[in-house]
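A.B. asks: Submitted below is the structure of interest, expressed as C-alpha cells.
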2 protein chains.
Amino acid sequence: MKINQININQKFKKINDFWSPKVIAQMNDYQFKLAKVKGEFIWHHHDSTDETFFVIKGNLLIELKDSKIKLGPGELVVIPKGIEHKPYAKDECEIMLIEPKNVKNTGNISSELTVENDHWI
Amino acid sequence: MKINQININQKFKKINDFWSPKVIAQMNDYQFKLAKVKGEFIWHHHDSTDETFFVIKGNLLIELKDSKIKLGPGELVVIPKGIEHKPYAKDECEIMLIEPKNVKNTGNISSELTVENDHWI
C-alpha cells in the first residue's frame, strides 16, 4: 500500500464544475471532498450525519432557518444532522467537505443539483 | 443550539505548547484538532483508526518504516490504522488532525508526550 500526500491546490485545478464535490481522500468511512461553488445551492438537510464545511479560498455564506454563517478562508463550521441549510457564494469559492462516505450532496432532496457520489480525483 | 463558524488562525493563537492537540470542532464522533509541532515526535501507531494530518503552516515530515511523507501548507495525508509513523518538524509547524474522538496522541505508546484527550479551545 502506497501512502501519498495530497495537495489540495493541485486537486482544485482538476475541478471545472460547480457544486459537484470530488473525493480526494478517505479516512475510515469518512471522506474528504473538494468543491468549487458559485451562486445558490438549495435548502436541504442530512438526516443521518453532521457535515463539515471548510473554506479554502473565497467566501461562503450558509443560510440557516434562523441565522447566517459567514465563512472565509481558514474558517469551518459543522452543520449538525437534521439542520436545514442553504450554501451560497456570491463569487467563486473553494471548499473542503468532510463527511461520511455516501452522503448525498443535496441531502433529503433530489434535484438537478444532485450529483454522483464517490467521484475521486 | 448555536452554530458558530470557527477560525483556525484565531484558535492557533491560543496554543502555546508543542505536540498537544486541542479540539476545535466535532462532527458526529470525529474531532478536528489543532496542534503546533516542532522537533521529533515518537514512533507509534493507532490500532483502531486511520488518522489525517493536514498542514496549515510550515512543513511536516512523517517518517514511515519504508518511506517519508513531506507535507507543506495545503497538503494532507491519511495514515492508515496500524501503520507505524513518526512525525517531525524541523521548524515550528501548524497542523490540523482529523480523527475519531478519544484517539490517544501517542497511539499504542504511553510516554511523557502522551497528553490529555478532549481538550477544547
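The values are calculated or read from the model by the stated rules, or taken from the named source; none is laboratory data. Because the structure is a prediction, the values reported are computed rather than measured. Ideal geometry is used to build each Cβ from the backbone, glycine not excepted, and the neighbour counts take in all protein chains shown.
A.B. asks: Could you list, in sequence order, all residues of segment A:78-112 that are within 14 Å of chain B (Cβ to nearest Cβ), without any contact (Cβ under 8 Å) to a residue 60 or more places away in the chain and touching a Lys or Arg at 6+ places or on another chain (Cβ under 6 Å)?
C.D. replies: Scanning segment A:78-112 gives a single hit, A:GLU84.
A.B. asks: In contact (Cβ under 8 Å) with a residue 24 or more places away in the chain and out of contact with any strand residue (DSSP E or B) (no Cβ under 9 Å at 6 or more places or on another chain): is that true of B:VAL115 in this structure?
C.D. replies: yes
A.B. asks: Here is a list of conditions, (1) crowded, with 17+ Cβ neighbours inside 10 Å; (2) more than 11 Å from the chain's Cα centre (by Cα); (3) in contact (Cβ under 8 Å) with a residue 12 or more places away in the chain, and A:VAL23 meets all of them except one; can you say which number that is?
C.D. replies: (2)
A.B. asks: Considering only residues that are assigned to a helix (DSSP H, G or I) and at the interface with another protein chain (Cβ under 7 Å from one of its Cβ atoms), look in segment B:1-32 and name the one that is farthest from B:GLY107 (Cα to Cα).
C.D. replies: B:ASN9
A.B. asks: Starting from residues that are more than 12 Å from the chain's Cα centre (by Cα), touching a residue at least 24 places away in the same chain (Cβ under 8 Å) and under 15 Å from B:LYS90 (Cβ atoms), keep the ones in segment B:39-70 and report whichever is surrounded by the fewest Cβ atoms within 10 Å (Cβ to Cβ).
C.D. replies: That would be B:GLY39.
A.B. asks: Now for a separate question. Within segment A:55-77, can one find any residue that is closer than 26 Å to B:PHE53 by Cβ, more than 14 Å from chain B (Cβ to nearest Cβ), in a loop (DSSP other than H, G, I, E, B) and modelled with pLDDT of 95 or more?
C.D. replies: Yes - at least one qualifying residue is present in segment A:55-77.
A.B. asks: For segment A:78-121, how many residues are in a loop (DSSP other than H, G, I, E, B) and under 20 Å from A:THR49 (Cβ atoms)?
C.D. replies: The number of residues fulfilling the criteria is 23.
A.B. asks: Away from chain A (no Cβ under 11 Å), outside any strand (DSSP E or B), closer than 17 Å to B:ILE109 by Cα and of a type outside the set (D, E, K, R): is that true of B:ILE42 in this structure?
C.D. replies: yes
A.B. asks: Sticking with this one: Given the conditions (1) closer than 27 Å to B:ASP29 by Cβ; (2) out of contact with any Ser or Thr (no Cβ under 8 Å at 6 or more places or on another chain); (3) not hydrophobic (A, V, I, L, M, F, W, C), which single one is not true for A:HIS44?
C.D. replies: Only one criterion is unmet by A:HIS44, namely (2).
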